[in-house]
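Asker: Let me begin by handing over the structure; questions about it come next.
FYI, it's all coordinate maths here, none of it is from the lab. Predicted model, so just to flag it, every value in this text is computed and none were measured. Using ideal geometry, Cβ is built from the backbone for each residue, glycine included, and neighbour counts are taken over all protein chains shown.
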Amino acid sequence: MCAVPQGANPLAKMIRAEISNDGPMPFARFMELALYHPEFGYYEKDADRVGRRGDFVTSVSVGAVFGQLLAFRFAEWLGAIDGPVRIAEAGAHDGSLACDILEWLAANDEPLSGRLTYTILEPSARCQGWQAKRLAKFDAQVEWHDSLADAPEIRGVIFSNELLDAFPIHRIGWDAAKRDWFEWAVTWRDDAFRWEPIDVGGGAWRALLPAWPIELLNVLPDRYTIELSLQANAWWRAAAGKLAVGKLVALDYGHGPDDWPAANQPNGTVRGYRSQKFVDDVLANPGEQDLTAHANFGLAKRIGEEVGLQTEEFTSQERFLNGTFAEMLKSAPALGQALDVRQVQTLTHPAQMGRPFRVLIQSR
Ligand SMILES: C[S@@+](CC[C@H](N)C(=O)[O-])C[C@H]1O[C@@H](n2cnc3c(N)ncnc32)[C@H](O)[C@@H]1O
């Protein structure tokens, strides 16, 4: 891929203008513009950004096996619910995963396919266009909603793959001298976007700070940094509220309830990706590189439980998919043997996607 010179995307200019008017910009706002600006945002640009030819790969880009295993597992869950059911996917990107799931169900579970609607939760009109094209043959079975607020109650499964890590985050640092948290904002200085601490007093993120004992705060290094996503949490709460009966599932990389905040990540987990590589400067070239941070499964779990969901499982992708594969081999050996084993290995190998990726399953 050709290098894009700093500032080639008009977003950089727009962000500079906003900073010049309003002062340093919270990183959550920077990330929102960089990823989701309706015209110049990273995820609005072209469908090839995710995948082997793009900037980063996901479990979906490994091949159809990810969708086939999910379809098998979802079919088992949906089998326990009578009448019309839905699978609702958020962050469906170009519709590849939806297509893999619907194809497997059409081929292997006709009775379920006949009572299933596939609901895509997609705010971006451009992404909806890519998805409609990819899913043309399932036209009668697929529906779109711009947001959870517009979606019907879901009897079935609401799920996402790598959605939680793509929500804008607040970067929060520890000021050891003041013994208080501050927010990292973005400013423009010496011809580049640069980090700038701002004191925002009662930022909405304060309610989400980890409840650390005083002994730990006493030794926390100056500028130790964590991330908090108000938007990811609000999304999980809304999704839990939409679930009438069934499962709410997130697959992603991230922290669990017992390993956040992480002592070995003093600078937090914000990363930029371009052409399958980490980028050194996450503030460079807004709109031209992916920005992401660890999902916070601990907060999602807590929020789901607050609104009445039960936590069924929080596990690694390795255990979740291997368990699903083993069950498939046992109950439908021909279907299990038909899967591409190399893809299963990539998805579940501890050193590849098996350990870093995790799965939260809650139910009502
Ligand atoms: C990292 S990509 C993952 C794409 C795909 N799920 C995969 O695994 O290959 C994150 C996706 O989430 C989408 N997204 C972000 N916020 C969303 C929201 N509120 N509702 C639905 N999708 C959203 C983005 O547009 C982007 O396509």
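Asker: So, in region 321-333, of the ones that are without any contact (Cβ under 8 Å) to a residue 40 or more places away in the chain and under 23 Å from residue 60 (Cα atoms), which residue ends up surrounded by the fewest Cβ atoms within 10 Å (Cβ to Cβ)?
Answerer: 326
Asker: Do you know which residues across region 55-68 are in contact (Cβ under 8 Å) with a residue 60 or more places away in the chain and either of a type in the set (S, T, N, Q) or part of a loop (DSSP other than H, G, I, E, B) (or both)?
Answerer: Listed by number, the residues that qualify are 55, 57, 58, 59, 63, 64, 68.
Here's the yes/no breakdown for (1) out of contact with any Lys or Arg (no Cβ under 8 Å at 6 or more places or on another chain); (2) within 17 Å of residue 226 (Cα to Cα):
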| residue | (1), (2) |
| --- | --- |
| 177 | yes, no |
| 183 | no, yes |
| 186 | no, yes |
| 192 | yes, no |
| 199 | yes, yes |
| 204 | yes, yes |
| 208 | yes, yes |
| 213 | yes, yes |
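Asker: Grab the strands (runs of 3 or more DSSP E) fully contained in region 123-192, keeping just those with 1 or more residues being within 14 Å of the ligand (Cβ to nearest atom).
Answerer: Result: 142-145, 154-161.
Asker: Something else now. Suppose we keep only residues that are of a type in the set (S, T, N, Q) and within 16 Å of the ligand (Cβ to nearest atom) within region 216-247. Which one would you say is surrounded by the fewest Cβ atoms within 10 Å (Cβ to Cβ)?
Answerer: Result: 231.
Asker: Turning to a different aspect of this structure: Taking residue 49 and the conditions (1) charged (D, E, K, R); (2) under 26 Å from residue 240 (Cα atoms); (3) touching an Asp or Glu at 6+ places or on another chain (Cβ under 8 Å), which numbered condition does it fall short on, given that it satisfies the others?
Answerer: With (1) charged (D, E, K, R); (2) under 26 Å from residue 240 (Cα atoms); (3) touching an Asp or Glu at 6+ places or on another chain (Cβ under 8 Å) applied to residue 49, the lone miss is (2).
Asker: A further question on this structure: Right, residue 54: of a type outside the set (Phe, Trp, Tyr) and within 8 Å of the ligand (Cβ to nearest atom) or not?
Answerer: No; evaluated as a whole, the condition is false for this residue.
Asker: Against the condition more than 9 Å from the ligand (Cβ to nearest atom) and either touching a residue at least 24 places away in the same chain (Cβ under 8 Å) or more than 26 Å from residue 40 (Cα to Cα) (or both), how does residue 90 come out, does it pass?
Answerer: Judged against the criteria, residue 90 is not a match.
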